[in-house]
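Please read the structure below before turning to the comments.
The values are calculated or read from the model by the stated rules, or taken from the named source; none is laboratory data. Here the structure is a predicted model, which means the values were calculated and not measured. Heads up, the Cβs are rebuilt from the backbone with ideal geometry, glycines too, and the neighbour counts pull from every protein chain shown. Remember, those area values only see protein heavy atoms, side chains included, never the ligands or the DNA or RNA. Shrake-Rupley method; radii C 1.70, N 1.55, O 1.52, S 1.80 Å.
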Amino acid sequence: YSQLSPGSYTFQVRAENEDGVSSPTSHISFEIDYPIYQKWWFIALIALVISTLLSFFIRMRMNTLKKQNYLEKEKSLLQKDVYKSKITAIRSQMNPHFMFNALNSIQEFIVTNQGDIASEFLADFADLMRRYLDQSKQDEVTLQEEVETIAIYLSLENLRFDNSLNYSIHGIEKIDTSTTVVPVMLLQPFIENAIKHGLLHKEGEKKLDIYFEQIEEGLQIVIEDNGIGRKASGAMNKRKEPQ
């Protein structure tokens, strides 16, 4: 009877002797219950658990997708900010005043029949613009590239100053410039600021020194000029402003 299906049963039994005399029939009623995994409440509970888990995973998936979309949007906005920063960096390098003055200098050399100087100036100017455009695509450049770019820029400015700009770069020989990297387009705006606001209105010797030193924290760069100073330059610029 161990293989009976779930349900209600009545077991009837009687004894009979050899003379054919029988005892009264005894009735034993019993019930075989369903296994727990076949009971309605267990099935309902499993269905509830599965639906809850399914709902949880769907919600988690939706949150993940929403977060991914948010991160993609943030990434896109950051990329736009990076592009804007790079454009700003290019603009800071290609100062319109510098470009205008450089082209004017080339024109002046041509007008005064100084073709060799004009040709050299134009070649350096083109090289500088090419370097600025190439470097604008990078986040870092080697110190060697930065120094070479600054040297070209200073040579152009020196020609505009009729070779009265006495500039020097110090300490670079003590640094491995081929492996040391700096942020792209780093120094020129500071050097231009020193020339434009410090040395442009300076009478007599115009001196500009750039010092490189490897220190424990990294690379230290110092730009010094013997110009008129920021206060005097600010006052002079203020007097030029229309009232």
Selection from region 1-48 of residues loosely packed, with under 10 Cβ neighbours inside 10 Å and either of a type in the set (V, I, T) or part of a helix (DSSP H, G or I) (or both) yields T10, V13, V21, T25, I28, I36, Y37, W40, W41
Selection from region 169-191 of residues in contact with a strand residue (DSSP E or B) (Cβ under 9 Å, 6 or more places away or on another chain), open to solvent by less than 40 Å² (accessible area, probe 1.4 Å) and of a type in the set (S, T, N, Q) yields T177, T180
Would you confirm, using the coordinates I've provided, whether N104 is closer than 30 Å to L154 by Cβ and outside any helix (DSSP H, G or I)? no
Counting only residues that are under 28 Å from the mean Cα position of the chain (by Cα), open to solvent by less than 50 Å² (accessible area, probe 1.4 Å) and of a type outside the set (D, E), region 192-218 contains a total of 2
Checking I87, I110, I152 in turn, the sole residue that is at pLDDT below 85, of a type outside the set (K, R) and either surrounded by 14 or more Cβ atoms within 10 Å (Cβ to Cβ) or within 18 Å of F190 (Cβ to Cβ) (or both) turns out to be I110
Check on I169, in contact with a His (Cβ under 9 Å, 6 or more places away or on another chain) and touching a residue at least 12 places away in the same chain (Cβ under 8 Å): no
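Filter region 155-179 for residues that are assigned to a helix (DSSP H, G or I) and closer than 21 Å to Y132 by Cβ; which is modelled with the highest pLDDT?
This residue is I172.
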Going through region 90-107 in order, the residues found to be at pLDDT below 75 and open to solvent by 60 Å² or more (accessible area, probe 1.4 Å) are R91, P96, H97
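Restricting to region 128-146, and then to whatever is assigned to a helix (DSSP H, G or I) and in contact with a helix residue (DSSP H, G or I) (Cβ under 6 Å, 6 or more places away or on another chain), can you tell me which residue is nearest to Q79 (Cα to Cα)?
Among residues in region 128-146 that are assigned to a helix (DSSP H, G or I) and in contact with a helix residue (DSSP H, G or I) (Cβ under 6 Å, 6 or more places away or on another chain), the one nearest to Q79 (Cα to Cα) is Y132.
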